[in-house]
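This report refers to the structure that appears directly beneath it.
None of the figures in this text is laboratory data; all of them are computed from the coordinates on show. Not measured: the values here are computed from a predicted model. No Cβ is skipped: glycine too gets one built from the backbone with ideal geometry, and neighbour counts run over all protein chains shown.
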Amino acid sequence: GQIYNAQKIADLFYKLNGDAKNPHKKINHTKGFCALGVFIPDEKASARLDIPLLDKASIPTEVRYSLSGGNLHASDKSKGRGMALRMGKDDWVMVMTNAPINFAKNPEEFGRYLEIRIPKNGHVDQEKIKRTTQEVASFRNFAHYMQGVGVTDSVAHTRYYSTHTFYFKDKQTQRFLPARFSFVPVAGVHDLTHAELKRTGNDFLERDFKDRVAKAPIVYNMVLELANKNDPTNDTTKLWHGKHEEIKVGQLRVQTYKGHGCNGEVFMPSMLPSGVEPPKDPLFELRNEVYSITFSKRQ
Ligand code: HEM
């Protein structure tokens, strides 16, 4: 069978999203814009967790909002959204999407998901995509999840998820607690209605962002959801169900529009502060290797 290592996955990304006329474009989450904000750690979180970075009163944070996929001109009415954060100077980098799960639990599934979408002789095999989406449980679950998701009217009304499970050092026990995190918009999640979807153009997120931050910061609470005993921690395709203990880590306040300068940068999810350990699932390391390859191809 095929070996889906980082180079193979990067090659597939270029086959799917590459542009011979623009070889240096970002190959996934291509359409995006940049902003600046501050992260204010919560006092209770720095008492509970042994993460020295959280002892700071505030941490300057670079923000990149994006759409999933390699199309620089994708419609903002597409559902897949991203938010990448760089706290301090790569002190803590978080790369999230608006879905708590993804479509693949291992490199083979990830590679196959890309492969079936690559045009052959200029033709995308929609039948094969449909068939395979039904056959592979991870693809089917993700498609089903995304069907139930709306198109939000603003990045200020979108919740962003870590998807992977990270490990956070408990101050009292010095043990690492498995948890998923998310950035919950304080203004709530709001979807466009059918009527609004019809009359809205394809480019509204960036303008909406500029209008908002001219008046007030866009605010998110960063929340950890601690794993319960039987929650899957090494499978990014599985939702967690039921009640979970939550820890509010702090608040992100996004204040300043910064144009498109950060679009060429890379956000490496492996940049973690002392007190946070990386995920153990079969995709996280591969993911970081792929980002290194695609970033170096942009230079
Ligand atoms: C093995 C799994 C994954 C692979 C191979 C992969 C691949 C990629 C690649 C090639 C890029 C472009 C990087 C660059 O050149 O700058 C990218 C960007 C991105 N990915 Fe992934 N990805 C994976 C998993 C995920 C997951 C689980 C999430 C969400 C939790 C995610 C969210 C994003 C976002 C938001 C960006 C844009 C970052 C930015 O703003 O620059 N990816 N991904």
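Here are the numbers for the structure shown:
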| quantity | calculated |
| --- | --- |
| Orientation-averaged projected area, Cα convex hull of the range 222-299 (nm²) | 7.6 nm² |
| Residue-wise HN-Hα coupling along the range 270-281, computed from phi with Karplus coefficients 6.51, -1.76, 1.60 (Hz; x: Gly, Pro) | 7, 7, 10, x, 4, x, 10, 10, x, x, 10, 6 |
| Long-range amide H partners of Arg81 with built H, under 5 Å | Ser68, Asn98 |
| Built amide H within the under 5 Å cut-off of Gly250, gap 5+ | Asp42, Met222 |
| Of Lys26/Lys198; Lys89/Lys280; Lys25/Lys210; Lys15/Lys89; Lys26/Lys77; Lys25/Lys248, those spanning more than 27 Å from alpha-carbon to alpha-carbon | Lys26/Lys198; Lys15/Lys89; Lys25/Lys248 |
| Sparsely packed GluC sites (Glu not before Pro) within the range 192-299, loop by DSSP, other Cβ within 10 Å at most 11 | Glu245 |
| Loop trypsin sites (Lys or Arg not before Pro), the range 1-72 (other Cβ atoms within 10 Å of the site Cβ: 10 or fewer; DSSP) | Lys21 |
| For the chain: Kirkwood Rh in Å [reciprocal of mean 1/r, alpha carbons] | 20.1 Å |
| Residue-by-residue Karplus 3J(HN,Hα) for the range 128-140, coefficients 6.51, -1.76, 1.60, Hz, glycine and proline x | 5, 4, 4, 4, 5, 4, 6, 6, 8, 4, 4, 5, 5 |
| Sites Glu127 and Arg175, calculated FRET efficiency, Cβ-Cβ separation with R0 51 Å, nearest 0.05 | 0.55 |
| ³J(HN,Hα), Karplus 6.51/-1.76/1.60, whole Hz, each residue of the range 36-49, x for Gly, Pro | 10, x, 10, 9, 10, x, 7, 4, 5, 5, 6, 7, 8, 10 |
| For Lys171, residues with placed amide H under 5 Å, excluding near neighbours | Leu49, Asp50 |
| Length-normalised contact order of the range 105-240 in % [C-alpha pairs under 8 Å, at least 6 apart] | 25 percent |
| Those aspartates and glutamates that a straight Cα-Cα span of less than 12 Å connects to Lys31, excepting residues fewer than 8 apart in one chain | Asp76, Asp203, Glu206 |
| Span from the the range 118-155 Cα centroid across to the the range 171-203 one, whole angstrom | 21 Å |
| Convex hull projection area averaged over all views, the range 19-159, Cα basis, nm² | 11.4 nm² |
| Additional length obtainable on full extension of the chain from Tyr145 to Lys258, 0.36 nm per residue less Cα span | 37.4 nm |
